[in-house]
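Take a look at the structure set out below.
The values are calculated or read from the model by the stated rules, or taken from the named source; none is laboratory data. Note that the structure is a prediction, hence the values are computed from the model and not measured. Methodologically, a virtual Cβ is constructed for each residue, glycine included, from the backbone with ideal geometry; neighbour enumeration extends over all protein chains shown. Please note that ligands, DNA and RNA were not included when accessible areas were found on the heavy atoms of the full protein model with its side chains. Shrake-Rupley method; radii C 1.70, N 1.55, O 1.52, S 1.80 Å.
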Amino acid sequence: MDGIIERIPRQLFIDGKWRDAAEGSTFGVEDPGAERGLCDVADAQGADAEAAVEAAVAAQESWARTPPRERGEILRRAWQLMTERTDELATLMTLEMGKSLTESRAEVGYAAEFFRWFSEEAVRIDGRYSVNPAGGGRTLVTRQPVGPCLLVTPWNFPLAMGTRKIGPAVAAGCTMIVKPPQLTPLSMLNLAALLAEAGLPDGVLNVVPSTSATRIVDPVLGDPRVRKLSFTGSTEVGRKLVEQCAPNLQRMSMELGGNAPFVVFADADVDAAVRGAVTAKMRNNGESCVAANRFHVAEPVAEEFTRRLTEEMAALRIGHGTENGVSVGPLISSDQRDKVSELVDDARDRGAEVTTGGEPLEGKGFFYRPTVLSGVPEQARILREEVFGPVAPITTFRDEDEAVALANDTEFGLVGYVFTRDLDRAVRVGERLQTGMVGLNTGLVSNPAAPFGGVKASGFGREGGYEGIDEYLDTKYLALAVSA
Ligand code: SIN
């Protein structure tokens, strides 16, 4: 894809126009697989954030009145354009984020499906009409867009975490200010251009990349006309944002950190469990909040599971994401690679055995070898902290109660994975896990038609599914006096 970087807009997108940041500030975007600069992008300042709010507020009323079918058709056209341009979108994503081209293509498909799903939901926003119990009046219930929203998206899925928020906001009739991640802003800027081409009116979507999240978030959430925040990111930052929404009582959707348990019972199909483990661990190189973070395996199958997972992980090819046959790209940054190293070293120092990997790769790029750790002691930090990298720590358990206790022993509650051939046990354990999602004999729960989200310190609110659009709608009740 020659010249792809040159074709991508690098300015701010406000009120349907591309413009420089105040004071002409810019920042550099880097390829994490080669440690080389890709391009410079406009670095939004507080005044730009305020301009984005003005544009979103000005567009809100007419956008809310735009017929649902028209809003849906824009999303449908955007889905079509994304599908046609999969290779270009995937190459750009690989360059700025590092994941392999196969993974990037999969993400483009996943991201586009949120637009298709919500194009279908736009025309199904319903209400109700009922006769009051005592007669003499009627109750009308309708649902209206919450209003201008701030959407803060993460670097790990540069497109899908955007479309998962933009799709329902467009369908519901909300305008938006999007703060894309500093590390991967290009995919979102490109998406803004694509949505404009699909017919999204000026001011509905405003994109303000910045090196300072607070420079954007403070003025936007400080403005009471902005009525909602949707955030995907760390629990630590999520907690601060919840406080920031308090003065103006803005609605919130919080998709925060995870520490997903992957539980393999003795009666599991070990082939399926190993396949599921590779998916749950290695999708996106482990840089996902739904990545399996710790493996709890029943004693009778622990040795076989560990041996086979080790073989699979050792066979994965590492390299720059654009190379053919590569399935494991670099981590996003040197900080991320150092954090993974630190957690592996901590587990090893406490007595865990490294059965494959266990070290970064020499040379350019932030690579870390796919790693399996067995016999991980319970004090190891890796069992408590989100690793966000290609490391599978394994511990064992004796019975179902112990497995459930281990799985729930965390402040997080996003997803859990359970492998068993016993249907009763699958349902029982699935219901006992303190998580918003459970994968039963599968290592993949992400699905635009399903409600994605967590409990406990993993946040609240749901994205995708029938529930996804509710986050962008307020319920209004009209009391109607009827004399008859
Ligand atoms: C995430 O890592 O934030 C979400 C991953 C997904 O949607 O599968």
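Rounded to whole Hz and in sequence order, give me ³J(HN,Hα) for segment 243-252 from the Karplus expression 6.51 cos²θ - 1.76 cosθ + 1.60, θ = phi - 60°, writing x for Gly and Pro.
5, 5, 7, 5, x, 9, 6, 6, 5, 9
Which percent of Cα-Cα pairs in segment 46-129 sits in each 10 Å bin, short to long?
Per 10 Å bin, starting at zero, the Cα-Cα P(r) for segment 46-129 comes out as 17, 28, 31, 22, 2, 0 percent.
How large is the dipole of the chain about the Cα centre if only Lys and Arg carry +1 and Asp and Glu carry -1, each at its Cβ, rounded to the nearest 20 debye?
Numbers: 51 positive and 69 negative charges, 308 e Å.
So the magnitude is around 1480 debye.
Per residue, how much accessible area does the chain show when a 1.4 Å probe rolls over the protein heavy atoms, in square angstrom? Walk me through the numbers before you get to the answer.
Details: 18990 Å² over 484 residues.
Per-residue value: 39 Å².
Rounded to the nearest 10 degrees, what's the angle between the helix 270-282 long axis and the longest principal axis of the chain, both from Cα atoms, 0 to 90?
60 degrees
Subtract the Cα-Cα distance of Tyr466 and Ala272 from 0.36 nm times their separation in residues, and report this length gain in nm to one decimal. Can you show the working numbers first?
Values: separation 194, 0.36 × 194 = 69.84 nm, distance 2.97 nm.
The span from Tyr466 to Ala272 would gain 66.9 nm if fully extended.
Just need the Rg to Rh number for segment 341-484, please, alpha carbons only, Kirkwood Rh.
Numbers: Rg = 21.0 Å, Rh = 18.3 Å.
That ratio is 1.15, to two decimals.
Could you grab the relative contact order for segment 108-199? Cα pairs under 8 Å, six or more apart, rounded to a whole percent.
Details: 111 pairs, mean separation 28.0, N = 92.
Relative CO of segment 108-199 lands at 30 percent.
Treating the angle as unsigned and between 0 and 90°, give the value, to the nearest 10°, between the Cα long axis of helix 101-121 and the longest Cα principal axis of the chain.
Between the helix axis and the principal axis of the chain, the angle is about 40 degrees.
Can you give the log10 of the normalised intensity I(q)/I(0) at q = 0.12, 0.23, 0.29 Å⁻¹, computed with Debye over equal Cα scatterers of segment 162-214?
-0.25, -0.89, -1.28
Counting alpha carbon pairs within less than 8 Å and at least 6 residues apart, what relative contact order, in whole percent, applies to segment 152-198?
49 percent
When the dipole is taken about the Cα centre of segment 282-424, and only Lys, Arg (+1) and Asp, Glu (-1) are charged at their Cβ, what size is it in debye, to the nearest 20?
Working: 15 positive and 27 negative charges, 125 e Å.
Computed about the Cα centre, the dipole is about 600 debye.
Give a quick list of trypsin sites (Lys or Arg not before Pro) in segment 24-105 that DSSP marks as loop, anything other than H, G, I, E or B, with at most 16 other Cβ atoms within 10 Å.
On the way: sites: Arg36, Arg65, Arg69, Arg71, Arg76, Arg77, Arg85, Lys99, Arg105; in loops: Arg85, Lys99.
Passing sites in segment 24-105 are Arg85.
For Thr86 and Gln144, what is the calculated FRET efficiency with R₀ set at 30 Å and r taken between the beta-carbons, to the nearest 0.05?
On the way: r = 35 Å, r/R0 = 1.17.
Taking R0 as 30 Å, the efficiency between Thr86 and Gln144 is 0.30.
Hey, with R₀ at 45 Å, roughly what FRET efficiency would Glu353 and Asp20 work out to, going by the Cβ-Cβ distance, to 0.05?
Efficiency at R0 = 45 Å is approximately 0.25.
Per the 1.4 Å probe, what fraction of the accessible area of the chain, in percent, lies on carbon and sulfur atoms?
Numbers: 9210 of 18990 Å².
Ligands and nucleic acids excluded, carbon and sulfur reach 49 percent.
Could you sort the peptides 313-326, 293-306, 124-137 by per-residue average Cβ neighbour count (10 Å cutoff), highest mean leading?
Values: 313-326: 16.8, 293-306: 20.8, 124-137: 10.9.
Averaged packing, sorted descending, gives the order 293-306, 313-326, 124-137.
Any chance you could run the full-extension gain for Leu249 through Glu73? It's 0.36 nm times the residue separation minus the Cα-Cα distance, nm to one decimal. List each step's numbers first, then the result.
On the way: separation 176, 0.36 × 176 = 63.36 nm, distance 3.23 nm.
In short, 60.1 nm is gained.
Can you compute the equivalent ellipsoid semi-axes for the chain, i.e. the square root of 5 times each eigenvalue of the Cα gyration tensor, sorted largest first and rounded to whole Å? Write down the numbers at each step before the final one.
Working: eigenvalues 298, 172, 72 Å².
So the equivalent ellipsoid measures 39, 29, 19 Å along its semi-axes.
Nearest 5 is fine: what % of DSSP beta bridges in segment 173-292 come out antiparallel, could you say? Display every interim value, and only then the final one.
Working: 0 of 9 bridges.
Roughly 0 percent of the DSSP beta bridges within segment 173-292 come out antiparallel.
Could you give the angle, 0 to 90 degrees to the nearest 10, between helix 68-84's Cα long axis and the longest principal axis of the Cα atoms of the chain?
For 68-84 against the chain, the angle is about 40 degrees.
Please find the FRET efficiency linking Glu311 to Leu444, where r is the Cβ-Cβ separation and R0 is fixed at 22 Å, and quote it to the nearest 0.05. Don't jump to the answer; show the numbers that get you there.
Working: r = 21 Å, r/R0 = 0.95.
The value I calculate is 0.55.
Please report, to two decimal places, log10 I(q)/I(0) for segment 148-251 at q = 0.20 Å⁻¹ as given by the Debye formula with identical point scatterers on the Cα atoms and no solvent.
Listed by q, the Debye log ratios stand at -1.04.
How many angstrom separate the Cα center of segment 289-348 from the Cα center of segment 187-202?
So the two Cα centres are separated by 36 Å.
Sequence gap at least 6, Cα distance under 8 Å: using those rules, report the relative contact order of the chain to the nearest whole percent. Don't skip to the answer; put the middle values down first.
Values: 1157 pairs, mean separation 88.6, N = 484.
Relative contact order for the chain comes out at 18 percent.
Which trypsin sites (Lys or Arg not before Pro) in segment 376-484 sit in a loop by DSSP (not H, G, I, E or B) and have at most 15 other Cβ atoms within 10 Å of their own Cβ?
On the way: sites: Arg381, Arg384, Arg398, Arg421, Arg425, Arg428, Arg432, Lys456, Arg462, Lys476; in loops: Arg384, Arg398, Arg421, Arg462.
Counting only loop positions with at most 15 other Cβ atoms within 10 Å, the trypsin sites (Lys or Arg not before Pro) in segment 376-484 are Arg398, Arg421.
Mind checking which lysines have their Cα closer than 21 Å to the Cα of Lys99? Skip sequence neighbours fewer than 8 apart in that chain.
Partners found: Lys281, Lys339, Lys364.
What is the sum of charges around His320, taking Lys and Arg as +1, Asp and Glu as -1, for the other residues whose C-beta is under 12 Å from the C-beta of His320? Provide the component values of the computation, followed by the final result.
Values: positive: Arg36, Lys99, Arg317, Lys364; negative: Asp31, Glu35, Glu323.
Net of charged neighbours comes to +1.
Farthest toward the dipole's positive end in the chain, which of Ser62, Gln434, Thr214, given Cβ charges of +1 (Lys, Arg) and -1 (Asp, Glu) about the Cα centre?
Checking the options against the dipole of the chain, the answer is Ser62.
Amide H of Thr26: which non-local residues (sequence gap of 5 or more, or other chain) have their own amide H closer than 5 Å, using H built in the peptide plane?
Residues meeting the amide H criterion: Asp43.
Add +1 for every Lys or Arg and -1 for every Asp or Glu among the other residues with Cβ under 14 Å from the Cβ of Gln60, and state the total. Working shown, then result.
Numbers: positive: Arg65, Arg71, Arg225, Arg227, Lys228; negative: Asp15, Glu54, Glu61, Asp202, Asp223, Asp474.
Spelling it out: positives minus negatives among the neighbours equals -1.
Counting other Cβ atoms within 10 Å of each Cβ, which GluC sites (Glu not before Pro) in segment 403-484 have at most 15 and sit in a DSSP loop? Don't skip to the answer; put the middle values down first.
Values: sites: Glu411, Glu431, Glu463, Glu467, Glu471; in loops: Glu411, Glu471.
Of the GluC sites (Glu not before Pro), the ones in loops of segment 403-484 whose Cβ has at most 15 other Cβ atoms within 10 Å are Glu411.
How would you order 243-249, 434-440 from highest to lowest mean count of nearby Cβ atoms within 10 Å? Before the final figure, lay out each step's value.
On the way: 243-249: 12.3, 434-440: 21.6.
With the highest mean Cβ count within 10 Å placed first, the list reads 434-440, 243-249.
Given the options Ala392, Val482, Thr91, identify the residue whose Cα lies farthest towards the positive end of the charge dipole of the chain (+1 on Cβ of Lys, Arg; -1 on Cβ of Asp, Glu).
Checking the options against the dipole of the chain, the answer is Val482.
Using a Cα-Cα cut-off of under 18 Å, which aspartates and glutamates could be cross-linked to Lys228, ignoring same-chain neighbours fewer than 8 residues away?
Lys228 reaches Glu50, Glu54, Glu61, Asp218, Glu243, Glu255, Glu463, Glu467, Asp470, Glu471, Asp474.
I want the antiparallel fraction of DSSP beta bridges within the chain, as a percent rounded to 5.
Values: 32 of 68 bridges.
The antiparallel fraction comes to roughly 45 percent.
Sort out for me the Cα centre separation of segment 232-248 from segment 376-453, rounded to whole Å.
26 Å
Quote the charge dipole size of segment 53-175 about the Cα centre in Debye, to the nearest 20; the model charges only the Cβ of Lys and Arg (+1) and of Asp and Glu (-1).
Values: 15 positive and 14 negative charges, 110 e Å.
The calculated dipole for segment 53-175 is roughly 520 debye.
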